[in-house]
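The values are calculated or read from the model by the stated rules, or taken from the named source; none is laboratory data. Everything numeric here is computed off the predicted structure, so don't read it as measured data. Cβ atoms come from the backbone with ideal geometry, glycine included; neighbour counts cover every protein chain shown.
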């Protein structure tokens, strides 16, 4: 009797162990129209396989070959070979659309694109899948009356999900950390600018007398990220609002200051009769009015006396990333955002074998494979220094063993 009971317990235990092991392994995928390596019956957790597709088909992700990984008994992603005329989900910056259940779209399928809050479409045409590519893909542009991320306020957080852009009329609410009390109202996005925000003050401690003009710090004082105390002279910026010096700014106009009287870099270093520096005084950024609007950039950090900018993904910053407000109501030297991308134009590169498709953007330093006009061949493309470099059209087999496939020509 005891032996029978012990055998029953062991059977249950063995079944449980087997079930737990099965949760961490994956069975070999069923891949219609393709092949994969290594070929095994089962794969352990985190183990990967690589697959490619037969002629007339392509993987369900970008590229002519793909890699999938075993995660908790399932393949991520699921290996699939689809018709070469089918389309993969497009990437539309600041846009969204209904996703296909299978992860891909059949030939002649169309999608409806809706732009994110604060963005609008340049045209209303619906993208359609044609011969494996989308034509045309819409562009979601930021609305002129939308606002960048709300200003940072000390000892406060925003009770909203993070967004880079807010549409006109948006309301944002701040909540102070424990021990601080909010004074002031919620802020609103009006004509591309945020209204004045609240402050968070200590609830019970004596704050002392308010700051006077004598408390305003000169350049080189307490300023985060600005090289405080370096003793360097500020740049001489004598240009009025709306003016620019091509020899200094590269021919690009800079932003303006407050209202109609502010100007960028309006203050300069001088010396008094005692030969002492009379540097531009740095004051609270509220004294300069509206924030400088720098094309392709957004304010990523804000302090009482500075703004810190960052360019969007396809651009790089040129000039100082930190901007200060001077005592005369002008802003210090503003940065600009330079192009950091390439445009792969099939009409221009068709002579090198690149297949006809719509133009595509590549980030600086990005490398990709594009289809060639010859069937089942691909070309290696790199974006460097805003110029396109091209390989030669090769088959999938040649990319593995034929070195010239990766030898680039250019720039073009």
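Observations
- Among residues of the range 57-74 being under 19 Å from residue 106 (Cβ atoms) and at pLDDT below 90, the one that is farthest from the chain's Cα centre (by Cα) is 60.
- Verdict on residue 389 being more than 26 Å from residue 86 (Cβ to Cβ), outside the structural domain of residue 55 (by TED's automatic domain parsing) and modelled with pLDDT under 85: no
- Counting residues in the range 112-129 that are in contact (Cβ under 8 Å) with a residue 60 or more places away in the chain, within 25 Å of the chain's Cα centre (by Cα) and surrounded by 14 or more Cβ atoms within 10 Å (Cβ to Cβ) gives zero.
- Scanning the range 363-406 for residues that are in a strand (DSSP E or B) and over 14 Å from residue 63 (Cα atoms) turns up 363, 382, 383, 384, 387, 388, 389, 390.
- Some residue of the range 56-71 being assigned to a loop (DSSP other than H, G, I, E, B) and crowded, with 19+ Cβ neighbours inside 10 Å: yes
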